[in-house]
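Have a look at the structure below, then the notes.
The values are calculated or read from the model by the stated rules, or taken from the named source; none is laboratory data. Predicted model only: the values in this text are computed from it and were never measured. Here the Cβ positions follow ideal geometry from the backbone for every residue, glycine too, while neighbour counts run over all protein chains shown.
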Amino acid sequence: MNAALSAIIIAFVQVVLFVFLAPLLMGVIRQVRATIEGRAGAGIWQPWRDVRKLLAKNPVRAEGSSWMLRAGPVALMVSSLLLCVLLPLVGTIPFPSIPSDLFVIVSVMLIGVVALALVGLDGGTAFGGMGSSRHMTVAALVEPTLLLAVYALSIPAQTSTISAIVETRLFSPAVIISPVSVLALVALSIAIMAETARLPIDNPGTHLELTMLHEAMTLEASGRDLAWLEVGSWLKLAALLGLVSNLVVPWGVVTEFSALGLALGVVSITVKVLVLGVLLSVGEIFLAKVRLFQVPELLAGSFALAFLAVTASYLVV
Amino acid sequence: MTGIGAGLLLQLFLGALAVASALLAAPSLRSRAGGILCTLIAVTGFVTGLSALLGATGGLLIPIALPMDPLRLAPDRLGGLFMLIVSGVGILVSLYSMSSTRGPDASRTAWVAMPVFLVGMQLVPAATDSVSFLLAWEIMTLGSTVLLLADHASRATVASAGIWYSAMSQLSFFFILAGFAVLAAASGGTSFTNLQIEPGSWAANVAFVLFLLGFGGKAELVPLHVWVPRVLPEAPSHVSAAMSGAMVKIGVYGALLVCVRLLPDGPAWWGIAIMLVGGASALYGILQASVSSDLKVLLAYSTTENMGLVFLGLGASMLLRGYDATAAADAALVAALLLAVSHAAFKSTLFLGAGAIIHATGERNLDRLGGLGARMPVTAAAFGIASLGAAAIPITSGFVAEWMLLQSLIHGGRLDGAVVSVAASVAMPLAVAVIALTAGLALLTFVKAYGIAFLARPRSRAAADAREVPPVMQLSLALGALFVLALGLLPGPVAALVAHTISPNPTAAVQSVGLGGVSLPGIGAVLDPIMLVVLSALVAIPVVVSIIVSGRRHPHRTVDLPWGGGGSRARPRMQYTATSYAEPLVRVFDDVLKPSRDVQVTHVAESRYLVERVEVEQRVSDVFETRLYRPVLNLFQRYGIVVRHVANGSIHRYLSYSFAALLIVLIVVSL
């Protein structure tokens, strides 16, 4: 089958799968946390029910708020969907004219970051502005770690195309456990925790004004505006967890197109993302949110790891 | 006469016509006539530059009375590219100034200076020998100084900015003059073809340092950038747009002229020095921009950042070329040039947008703006698109350039799988980190600039009463935004054309693929922005359809008090301002920015525990100005006071000085 067509099929499968998987992932993460904490929890389908409820409500908008409150959530959603299209989640067959270049992917993610920050500002309240300001500060400080980790991962494959990186890891697994790769993956994981507003950078379960980052920006949104913001953020988390899991455990990913392979790819990424979600949830039980002004120290640490990874791959190997 | 010669001559003629019209036209017609003639100058320059960029040759010979060679103006491809940049900005600025100028900005002097400035900027990249280069350079500086000083009578800050600008410009000029003098002495010629000397020699090293100081000063690099945060905010907005969008690029052109044409293949430390200066400028510039709440100061510092990135690319390309990593070196240089082109587009639009805000509200302090999006939709859209460009978000010009720079850097550390050198393998990751932090902070800066100014609710009466600017200004803003988008959507043809200016084998460095996409065959990277747009549109369809369906069934409600937690609507004053937006960043970078804080607490008379009011004042000053320039200036001032006793105005004393001098001369001669 020709490459472009199989790329399109895989992208389509990825988008549909992750739209289904992302709310489920959130449900699992919340349920695991509830169970460990000794609560009954709302069940793993609750996020689905929340989205359905939000989509069927009349959104309430403040007087003086602009089109940004309507367009921003859609932009976030589109950016997250694009992540699902471009990242090698089910298969590593890229589009010929737009390969899954890591710098492009990071920039696509930044579209969502910017959209969310602008939505936060548009509400015209102190909370929104506060969340937006903190969110952008963290995003700015995460950027060096993110790009350097990407750089370190790109060195063994000699390209920044993420599909090629995953394939290199699949065909020569020794790369995965090399010190360079481990350092880069740890740095990347910290950066992703910060980007997706998880502990220890942000507490997704809180509504306390002193600690809020992500939640503060969505306070003024309601109805379908809020639904897109929520689903967009969930999709982003799911896609990035999928990326990490494929970098650590590349097996199961489709490299040559076939119906059976595709089914296997879908099952394997679903399992990988859900397992990683459970691990994330268990890990978060033991973490407390760090103070906002200690976040830069954490990020500086992850930056040091990423920098070590890059220079080590040049000077040691 | 060739086409290029005719274009240059026509520009000079139109320039003279514009000067004449400024002197003779009635005040009511002056702005319109001047604007139209300046637009014509810029359009002529655009066509001339484009044909030079496409490879046309030819030029203009101007005989002069001085005992020297005639002035020779004949732009090569690189010169053509910079003429194109300068005149593109010129078109936007001239259109805009037709209806934006009023009061002292529309005076006779200002309209005489405008064409002089525009023509001067066009002539610098056209010059082919050092004398005409320096002459055109001075015409450019003179024109811009006069334009800057338009409003000096009513505002003291303008006069002070004028002094800083003149001093720093002359310092730059001095360094460039000295650089050419060293080169001319070593090579024995003044034309650029004769000036080439052995890059390893001491003369080449001295000339390189002098040129870096001179052109770096014009290109706003740290630590010679101190004039920028004073001059660009104080100049009329169309002049700041021309300065930041076009004049600064002439500094870049100078650096390229030296590093690519006159002294190619320099030693490794040249590349490292330029990378260091560029990286420091990028970081310092964006850090200052991100904490600034004055819109024009923010844009001024962001110019320093962008020029820093351009020099970072230039330095990386020089370093990599020394290690024979030709593909990566070419890509880095093309990226630097694309950054310059895209910066010209988005920064001039941003400055013109800032001018539109000032035109409508009289405010440039972001803390007093807000809600302008609904009141000035065209300005908001243009400013928004240009902000995306400045923040390097996809499908704008800034993104393509930064992507190409990053690609060249990550592929530069290795050649055919082997490490090229220790210097490169430390420099490349550091450069990537600098670009990443810069890009992150730029994102915050422009979210702040756009979000605070155009979204939410107005923070002052002036912002609430704002009206959209006149149609000609809107046209110029829209054109600028269109440039930003076009360069971002169709980078391939532009990059391929730009590659011709620097590489003998351009198709090996950059190719255009698909619908305007760009590919770097030497390092195997492809980017097709149009495909990205198509993909986004495809995934957006279901979302948009569901919004339309659900919007019909569940229409939204607009209420005054959506989620006012305490019960009463929060007042606009309670919104986050630009200052509070940047507060976390000021804390994080406290050691670099060294802000001065002043907290005054007034207690209630009866009890120390109750506070009546708190006043907080925070100032972020330029560290380089307070720590580097002030001490030197103070030293000169003290020296000046001491020397004043020597020349106290007494005629007897002066006569005795002459007598002593005569005696000394006689003694020396007799020995």
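I'd like the full set of residues that are more than 26 Å from A:LEU86 (Cα to Cα), of a type in the set (D, E, K, R) and modelled with pLDDT of 80 or more, limited to the range A:209-239.
First, the residues of the range A:209-239 that are more than 26 Å from A:LEU86 (Cα to Cα): A:209-213, A:215-223.
Still in the running and of a type in the set (D, E, K, R): A:209, A:215, A:220.
Scanning the range A:209-239 gives A:GLU215, A:GLU220.
Which condition does A:GLY124 not pass, out of (1) in a helix (DSSP H, G or I); (2) facing chain B (nearest Cβ under 9 Å), if it passes all the others?
Tallying (1) in a helix (DSSP H, G or I); (2) facing chain B (nearest Cβ under 9 Å), A:GLY124 fails exactly one: (1).
Are any residues in the range B:308-327 at pLDDT 90 or above and of a type in the set (D, E, K, R), and if so, which ones?
Answer for the range B:308-327, where residues must be at pLDDT 90 or above and of a type in the set (D, E, K, R): there is none.
Based on what the data block shows, is B:LEU388 out of contact with any Leu (no Cβ under 7 Å at 6 or more places or on another chain) and modelled with pLDDT under 90? Quick ask: steps written out before the conclusion?
Details: out of contact with any Leu (no Cβ under 7 Å at 6 or more places or on another chain): yes; modelled with pLDDT under 90: no.
For B:LEU388, the condition - out of contact with any Leu (no Cβ under 7 Å at 6 or more places or on another chain) and modelled with pLDDT under 90 - is not met.
Would you mind stating whether B:ARG321 is closer than 23 Å to B:LEU213 by Cα, surrounded by fewer than 24 Cβ atoms within 10 Å (Cβ to Cβ) and not aromatic (Phe, Trp, Tyr)?
Answer is yes for this residue.
Restricting attention to the range A:49-79, report how many residues are farther than 30 Å from B:ALA464 by Cα, more than 9 Å from chain B (Cβ to nearest Cβ) and touching a residue at least 24 places away in the same chain (Cβ under 8 Å).
First, the residues of the range A:49-79 that are farther than 30 Å from B:ALA464 by Cα: A:49-57, A:77-79.
Going one step further and asking which of them are more than 9 Å from chain B (Cβ to nearest Cβ), we end up with A:49-54.
Cutting the leftovers down to touching a residue at least 24 places away in the same chain (Cβ under 8 Å) gives us A:50-51, A:54.
Total satisfying the criteria: 3.
Collect the residues in the range B:185-200 that are over 21 Å from B:LEU135 (Cβ atoms) and at pLDDT 85 or above, keeping them in residue-number order.
Answer for the range B:185-200, where residues must be over 21 Å from B:LEU135 (Cβ atoms) and at pLDDT 85 or above: just B:ALA186.
Please state which of the following conditions A:VAL254 fails to meet, knowing it meets all the rest: (1) away from chain B (no Cβ under 14 Å); (2) crowded, with 23+ Cβ neighbours inside 10 Å; (3) within 20 Å of the chain's Cα centre (by Cα).
With respect to (1) away from chain B (no Cβ under 14 Å); (2) crowded, with 23+ Cβ neighbours inside 10 Å; (3) within 20 Å of the chain's Cα centre (by Cα), A:VAL254 is out only on (3).
Would you confirm whether or not the range B:57-74 contains a residue that is part of a helix (DSSP H, G or I), closer than 27 Å to B:LEU257 by Cα, out of contact with any Asp or Glu (no Cβ under 7 Å at 6 or more places or on another chain) and not polar (S, T, N, Q)? Give the steps one after another, and end with the answer.
Filtering the range B:57-74 for residues part of a helix (DSSP H, G or I) gives none.
No, the range B:57-74 contains no residue that is part of a helix (DSSP H, G or I), closer than 27 Å to B:LEU257 by Cα, out of contact with any Asp or Glu (no Cβ under 7 Å at 6 or more places or on another chain) and not polar (S, T, N, Q).
Being touching a His at 6+ places or on another chain (Cβ under 8 Å), at pLDDT 90 or above and either buried (at least 24 other Cβ atoms within 10 Å of the Cβ) or more than 7 Å from chain A (Cβ to nearest Cβ) (or both): is that true of B:MET473 here? Reasoning before the result, please.
Numbers: touching a His at 6+ places or on another chain (Cβ under 8 Å): yes; at pLDDT 90 or above: yes; either buried (at least 24 other Cβ atoms within 10 Å of the Cβ) or more than 7 Å from chain A (Cβ to nearest Cβ) (or both): yes.
Criteria met by B:MET473.
Looking at (1) polar (S, T, N, Q); (2) closer than 17 Å to A:GLU195 by Cβ; (3) in contact with a Pro (Cβ under 6 Å, 6 or more places away or on another chain), find the lone condition where A:SER80 falls short.
Exception for A:SER80: condition (3).
Within the range A:107-121, how many residues are more than 9 Å from every other protein chain (Cβ to nearest Cβ) and either touching a strand residue (DSSP E or B) at 6+ places or on another chain (Cβ under 8 Å) or over 10 Å from A:MET68 (Cβ atoms) (or both)?
Count: 3.
Restrict the check to the range A:273-292 and report whether at least one residue is at pLDDT 90 or above and of a type in the set (Lys, Arg).
No: zero hits.
Out of B:ALA20, B:ALA56, which single residue is surrounded by fewer than 24 Cβ atoms within 10 Å (Cβ to Cβ), at pLDDT below 85, out of contact with any strand residue (DSSP E or B) (no Cβ under 7 Å at 6 or more places or on another chain) and small (Gly, Ala, Ser)? Can you show your working first?
Details: B:ALA20 fails: at pLDDT below 85.
The conditions single out B:ALA56.
Working carefully through the options B:LEU535, B:LEU485, find the one that is assigned by TED's automatic domain parsing to the domain that holds B:ILE393, in a helix (DSSP H, G or I) and more than 19 Å from A:LEU102 (Cα to Cα). Write out each step before concluding.
Working: B:LEU535 fails: more than 19 Å from A:LEU102 (Cα to Cα).
None of the other options fit; the residue is B:LEU485.
Looking at (1) of a type in the set (Asp, Glu); (2) within 7 Å of chain B (Cβ to nearest Cβ); (3) over 19 Å from the mean Cα position of the chain (by Cα), which one does A:ASP101 not meet, given that it meets all the others?
A:ASP101 satisfies every listed condition except (3).
Can you tell me which of (1) within 14 Å of chain A (Cβ to nearest Cβ); (2) more than 30 Å from A:ALA62 (Cβ to Cβ); (3) touching a strand residue (DSSP E or B) at 6+ places or on another chain (Cβ under 9 Å) is the one B:ASP598 doesn't meet?
(1)
Can you tell me which residues in the range B:289-300 are within 19 Å of B:LYS218 (Cβ to Cβ) and touching an Asp or Glu at 6+ places or on another chain (Cβ under 9 Å)? Outline the logic, then answer.
To start, the set of residues in the range B:289-300 that are within 19 Å of B:LYS218 (Cβ to Cβ) comprises B:299-300.
The answer is B:ALA300, and nothing else.
Quick check on the range B:127-134. Is at least one of its residues surrounded by fewer than 19 Cβ atoms within 10 Å (Cβ to Cβ) and within 17 Å of B:SER107 (Cβ to Cβ)?
No, the range B:127-134 contains no residue that is surrounded by fewer than 19 Cβ atoms within 10 Å (Cβ to Cβ) and within 17 Å of B:SER107 (Cβ to Cβ).
If I ask for residues that are assigned to a helix (DSSP H, G or I), of a type in the set (Val, Ile, Thr) and touching a residue at least 60 places away in the same chain (Cβ under 8 Å), which ones from the range B:493-517 would you list?
Within the range B:493-517, the first condition is being assigned to a helix (DSSP H, G or I), and the residues that meet it are B:493-502, B:506-509.
The next check asks that each one be of a type in the set (Val, Ile, Thr); those that pass are B:494, B:498, B:501-502, B:507.
B:VAL494, B:VAL498, B:THR501, B:ILE502 - these are the residues of the range B:493-517 that are assigned to a helix (DSSP H, G or I), of a type in the set (Val, Ile, Thr) and touching a residue at least 60 places away in the same chain (Cβ under 8 Å).
Condition check ((1) surrounded by 24 or more Cβ atoms within 10 Å (Cβ to Cβ); (2) in contact with a helix residue (DSSP H, G or I) (Cβ under 7 Å, 6 or more places away or on another chain); (3) farther than 19 Å from A:PRO250 by Cβ; (4) of a type in the set (S, T, N, Q)) across all residues:
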{"site": "A:ASP101", "(1), (2), (3), (4)": "yes, no, no, no"}
{"site": "A:GLY128", "(1), (2), (3), (4)": "yes, yes, yes, no"}
{"site": "A:SER133", "(1), (2), (3), (4)": "yes, yes, yes, yes"}
{"site": "A:MET136", "(1), (2), (3), (4)": "yes, yes, yes, no"}
{"site": "A:GLU143", "(1), (2), (3), (4)": "yes, yes, yes, no"}
{"site": "A:TYR151", "(1), (2), (3), (4)": "yes, yes, yes, no"}
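So which residues in the range B:188-199 are over 15 Å from B:VAL260 (Cα atoms) and touching a residue at least 12 places away in the same chain (Cβ under 8 Å), if there are any at all?
Those that are over 15 Å from B:VAL260 (Cα atoms) and touching a residue at least 12 places away in the same chain (Cβ under 8 Å): B:THR190, B:SER191.
Quick test for you: out of B:LEU14, B:LEU84, B:LEU9, B:LEU23, pick the one residue that is within 19 Å of B:ASP129 (Cα to Cα) and in a helix (DSSP H, G or I). Break it down into steps so the answer makes sense when it comes.
Values: B:LEU14 fails: within 19 Å of B:ASP129 (Cα to Cα); B:LEU84 fails: within 19 Å of B:ASP129 (Cα to Cα); B:LEU23 fails: within 19 Å of B:ASP129 (Cα to Cα).
Checking each option against the conditions leaves just B:LEU9.
Taking the options B:GLY567, B:GLY649, name whichever one is away from every other protein chain (no Cβ under 13 Å), at pLDDT below 85 and more than 27 Å from A:ALA216 (Cβ to Cβ).
Details: B:GLY567 fails: more than 27 Å from A:ALA216 (Cβ to Cβ).
The conditions single out B:GLY649.
Testing B:ARG457 on (1) more than 10 Å from every other protein chain (Cβ to nearest Cβ); (2) over 22 Å from the mean Cα position of the chain (by Cα), one condition comes back false. Which one is that?
So B:ARG457 meets the others, but not (1).
Filter the range A:278-317 for residues that are away from chain B (no Cβ under 11 Å) and either of a type in the set (S, T, N, Q) or closer than 30 Å to B:ALA423 by Cα (or both) and give the result. Talk me through it step by step, then tell me what you get.
Step one: of the range A:278-317, the residues away from chain B (no Cβ under 11 Å) are A:278-291, A:298, A:301-302, A:305.
Answer for the range A:278-317, where residues must be away from chain B (no Cβ under 11 Å) and either of a type in the set (S, T, N, Q) or closer than 30 Å to B:ALA423 by Cα (or both): A:SER281, A:LEU298, A:GLY301, A:SER302, A:LEU305.
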